[in-house]
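The values are calculated or read from the model by the stated rules, or taken from the named source; none is laboratory data. The model shown is predicted, which means the values in this text are computed figures rather than measured ones. Cβ coordinates were reconstructed from backbone atoms using ideal geometry, including for glycine residues, and neighbour counts include every protein chain displayed.
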Amino acid sequence: MIETHYDCPCLEKCPLNYAMQLVGGKWKMQIICALNNQGKLRYNELRRKLDGISNTVLAGSLKELEEAGLVKRTEYLEVPVRVEYCSTEKADRLIPVLEAFSEWGEEMMEG
C-alpha cells in the first residue's frame, strides 16, 4: 500500500494537522464563531462573549488568528483608540466545517 501525505504517521505534511495548528486550542474556534455570528466586535465585547477567557489568552489567540489570516484587526485613530476585530473570508469558509463538526459532536453526546 502506498502512503499519501494524508495518512502519513509522522504528520509532517498532513493538511489536517496544519489546520488544527491554526484553529486548535480551547478558544480559537469560539473566537471565530463569535466574530462570524456578531460581525465586528471590540476587544471587551468579544471577551464578554467568551466567558472564562483571560486577557492574556484572548490577546494571544487574536494575534495568532490574525497572523493566520483568519481575523482582521482594524485600529481607528480616535481618542481613545478604538480597535475592532472581524472574521475574514478564510475564517468564514471554515464555518460549514465547524457546523458539521458540531453536529457530529451532538450525535456523539446523544450516544
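I'm trying to understand the selection: among the residues of the range 73-91, which are touching an Asp or Glu at 6+ places or on another chain (Cβ under 7 Å) and either on the phi > 0 side of the Ramachandran plot or not β-branched (Val, Ile, Thr) (or both)?
ARG73
Can you confirm whether GLU84 is farther than 20 Å from LEU16 by Cα and in contact (Cβ under 8 Å) with a residue 24 or more places away in the chain?
yes
Just checking, which of LEU22, LEU46, LEU16, LEU65 is surrounded by fewer than 17 Cβ atoms within 10 Å (Cβ to Cβ) and under 22 Å from PHE101 (Cβ atoms)?
Numbers: LEU22 fails: surrounded by fewer than 17 Cβ atoms within 10 Å (Cβ to Cβ); LEU46 fails: surrounded by fewer than 17 Cβ atoms within 10 Å (Cβ to Cβ); LEU65 fails: surrounded by fewer than 17 Cβ atoms within 10 Å (Cβ to Cβ).
Answer to the check: LEU16.
Out of all the residues in the range 16-52, which are of a type in the set (A, V, I, L, M, F, W, C), closer than 18 Å to GLU84 by Cβ and not in a helix (DSSP H, G or I)?
LEU41, LEU50
Pairs under 8 Å by beta carbon, first residue within 14 Å of MET29 (Cα to Cα) and touching a residue at least 60 places away in the same chain (Cβ under 8 Å) in the range 40-63, partner basic (Lys, Arg) and surrounded by fewer than 16 Cβ atoms within 10 Å (Cβ to Cβ), six or more apart or different chains?
Partner pairs satisfying both residue conditions: none exist.
One line per residue, one yes/no per condition, for (1) acidic (Asp, Glu); (2) closer than 15 Å to LEU22 by Cα; (3) modelled with pLDDT under 95; (4) out of contact with any His (no Cβ under 9 Å at 6 or more places or on another chain):
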site: SER54; (1), (2), (3), (4): no, no, no, yes
site: GLU64; (1), (2), (3), (4): yes, yes, no, yes
site: LEU70; (1), (2), (3), (4): no, yes, no, yes
site: ARG73; (1), (2), (3), (4): no, no, no, yes
site: PRO80; (1), (2), (3), (4): no, no, yes, yes
site: GLY105; (1), (2), (3), (4): no, no, yes, yes
site: MET109; (1), (2), (3), (4): no, no, yes, yes
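Results for (1) in a strand (DSSP E or B); (2) surrounded by fewer than 10 Cβ atoms within 10 Å (Cβ to Cβ); (3) basic (Lys, Arg); (4) touching a strand residue (DSSP E or B) at 6+ places or on another chain (Cβ under 7 Å), shown as yes or no for each residue.
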{"residue": "THR56", "(1), (2), (3), (4)": "no, yes, no, no"}
{"residue": "GLY60", "(1), (2), (3), (4)": "no, no, no, no"}
{"residue": "ARG73", "(1), (2), (3), (4)": "yes, no, yes, yes"}
{"residue": "PRO80", "(1), (2), (3), (4)": "no, yes, no, no"}
